[in-house]
Amino acid sequence: MTLAQHSPTPSHGSSHAAPHAVPHAALSRRHLLTTGAAGTAAATGGLLLSAGAADARSSGGGGGRQGRLPRKVDVVVVGAGISGLVATRELLEQGLDVLCVEARDRVGGRVLNHELRSGGVIEAGGAFVGPTQDHILALAKELKVRTFLEYNEGNSVYISSLTGRQEYSGTVPPDPTILPDAAILLTRLDSMAAEIDVSAPWSHPSALEWDAMSLGEFIRRNALNSSGVGNLIKSWTQPGFGADPDELSLLFVLWYIACSGNETNVGTFSRNSDTAGGAQESRIIGGSQLIPLRLARKLGDAVALDAAVKRIEQKDGRVVVRTKRGTVRAKRVVVACPPPMVLDIDWFPRLPVRRTQLLRHMDMGQLMKCDAVYETPFWREDGLNGFGINDAGAARAVFDNSPASGDPGVLLAFVGGSTWRRYGPLSRKERRKAVLEGFAAMFGEKALKPIEYTEQDWTKERWTEGGPTAFHAPGTLTDFGPAIRQVFGRVHWAGTETSTYWSGYMDGAVRAGQRAAIEVGERL
């Protein structure tokens, strides 16, 4: 965690400035807490937001092939999230005959828009884009999808069970009991991450030691007030991974930080977690699902929805893919779905033991997003930016999720990890009450009376079973990680978790789809 100032930056990857985009304040208040993994959580704004809903309605969730599936193609792609759609597009451009099959009745995977009753769109899944995420930004520009800067003016709110409620500016909450530890810990994490090979983190000389240790244990070993700083970092890991520090391998976290860059920029914690200059710098006008929706529309009959894959057989120099809508024969297959879904497929021959163990040990995070909608973002009138941290309760990490126009106002709470395990099982009524009370503790009594309340629990999504990304618990990355991209006969692997940069994000999904398409093209 640095305390450096962050200058306002332009909207990236867009040929047009977004209307009503608000410049960032000089200091980013989200350095520590907005990893948003897969770039989760953002409202999208202005009159252009209606275009996002219109795209979804007119395409029926992405459109695609109607009627019978083809009996034979060159390549079948499993999964119509961003990664699968990109792989499909790249393979088609190589002149191959490709079919992308998707279990859901929509495209986008973990990228999902939600249309508000009060007007506008918020994103129930992946959302943010930022510097060095060149691949997703280039794709957005190609599809004429525009970005706008995340709102970043005013003070943040910090609530501690020891010090009470405080308003502050800058990066780190003004808690003298955690500031020294936080600065030292994050400097060490950056230094260690800089040594990681993003394509092979298990090759580091200290890999076994770091993989055997959880992030929580690392904090306890290296902080004077490990409870205080650990609780603060939990407000980063719960939104970013859907997990607590004790659930995450230290080696995995170091690799994740190292991934937060590109071939010419070393990954840093700051770039992963900041707003201005970081991964949360911008959002998508019309909602991030516009990207897969528009891409699927271009692909047309190459995409088939409601086509869950039941079995994949490799025999006689071909691959037979049996789906809910019929059987397709292919020369190669690209699998681009969340790790747990791969294990739901009946494989012949069976998956290699190391890949099976890898998939069994890649746990999906536990995360839901709870949004309260108000007529206006009233907290801005009080000089608050809508960002808050609480060391207890349902609303641990809170964001201003309002559209770029500020109409309506939206507050978002990430409920992840142990907080999800506490509040997820409650009734919707009880959880709503707990979340709104958390908002009110930060921003006042007006927060108790939203005009709309909505939530998205990714653990209940049949074809995802968690979010925002799959993570490694201690002791698993060194044992099973090398299998992550290993080709299995005629089967190749995509999906954001297989990327070497920006794993867990939309940019990682694009990269993985492109890499898998190159692999297939080289073999056909």
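The values are calculated or read from the model by the stated rules, or taken from the named source; none is laboratory data. This structure is a prediction, so every number in the text was calculated from the model and none was measured. So basically every Cβ, Gly included, is an ideal-geometry build from the backbone, and we count neighbours across all protein chains shown. Just so you know, the surface numbers come from the protein's heavy atoms only, side chains and all, with ligands and any DNA or RNA stripped out. Shrake-Rupley method; radii C 1.70, N 1.55, O 1.52, S 1.80 Å.
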I'm trying to understand the selection: among the residues of segment 419-434, which are in contact (Cβ under 8 Å) with a residue 60 or more places away in the chain and touching a helix residue (DSSP H, G or I) at 6+ places or on another chain (Cβ under 9 Å)? Thr419, Trp420, Arg431
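Residues are listed down the side, and each one gets a yes or a no for (1) touching a Pro at 6+ places or on another chain (Cβ under 7 Å); (2) outside any strand (DSSP E or B); (3) open to solvent by less than 10 Å² (accessible area, probe 1.4 Å):
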site	(1), (2), (3)
Pro403	no, yes, yes
Ala441	no, yes, no
Pro450	no, yes, no
Gln456	no, no, no
Pro474	no, yes, no
I'd like to check something: does segment 308-326 contain any residue that is under 19 Å from Glu90 (Cα atoms), modelled with pLDDT of 95 or more and open to solvent by less than 30 Å² (accessible area, probe 1.4 Å)? no
I need the strands (runs of 3 or more DSSP E) fully contained in segment 290-379, keeping only those with at least 3 residues that are farther than 30 Å from Ala434 by Cα. 309-315, 318-323, 326-330, 332-335, 346-348
Looking at Lys234, Lys315, which one is among the basic types (Lys, Arg) and closer than 26 Å to Asn390 by Cα? Lys234
Could you please let me know if Ile196 is under 18 Å from Lys234 (Cβ atoms) and either among the small types (Gly, Ala, Ser) or in contact (Cβ under 8 Å) with a residue 24 or more places away in the chain (or both)? no
Is it the case that some residue within segment 219-232 is open to solvent by less than 20 Å² (accessible area, probe 1.4 Å), assigned to a helix (DSSP H, G or I) and within 27 Å of Thr498 (Cα to Cα)? no
Which numbered condition Asp190 fails, given (1) outside any helix (DSSP H, G or I); (2) of a type in the set (Asp, Glu); (3) surrounded by fewer than 23 Cβ atoms within 10 Å (Cβ to Cβ): (1)
Qualifying positions in segment 136-152 - open to solvent by 10 Å² or more (accessible area, probe 1.4 Å), part of a helix (DSSP H, G or I) and not small (Gly, Ala, Ser): Leu137, Lys141, Glu142
If I filter segment 302-317 down to residues being in contact (Cβ under 8 Å) with a residue 60 or more places away in the chain and under 13 Å from Arg332 (Cα atoms), which single residue comes out as farthest from the chain's Cα centre (by Cα)? Gln314
Condition set β-branched (Val, Ile, Thr) and open to solvent by 10 Å² or more (accessible area, probe 1.4 Å), scope segment 334-381, selection farthest from Ala441 (Cα to Cα): answer is Val353
Suppose we filter segment 121-135 for residues that are at pLDDT 95 or above and either open to solvent by 20 Å² or more (accessible area, probe 1.4 Å) or more than 17 Å from Arg511 (Cα to Cα) (or both); how many remain? 3
Sort out which residues of segment 235-265 are at pLDDT 95 or above and among the aromatic types (Phe, Trp, Tyr), and write them in order of number. Phe241, Phe252, Trp255, Tyr256
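Name the residue that is nearest to Leu351 (Cα to Cα), counting only residues in segment 484-519 that are aromatic (Phe, Trp, Tyr) and open to solvent by 20 Å² or more (accessible area, probe 1.4 Å).
Looking at the filtered set, the residue picked out is Phe488.
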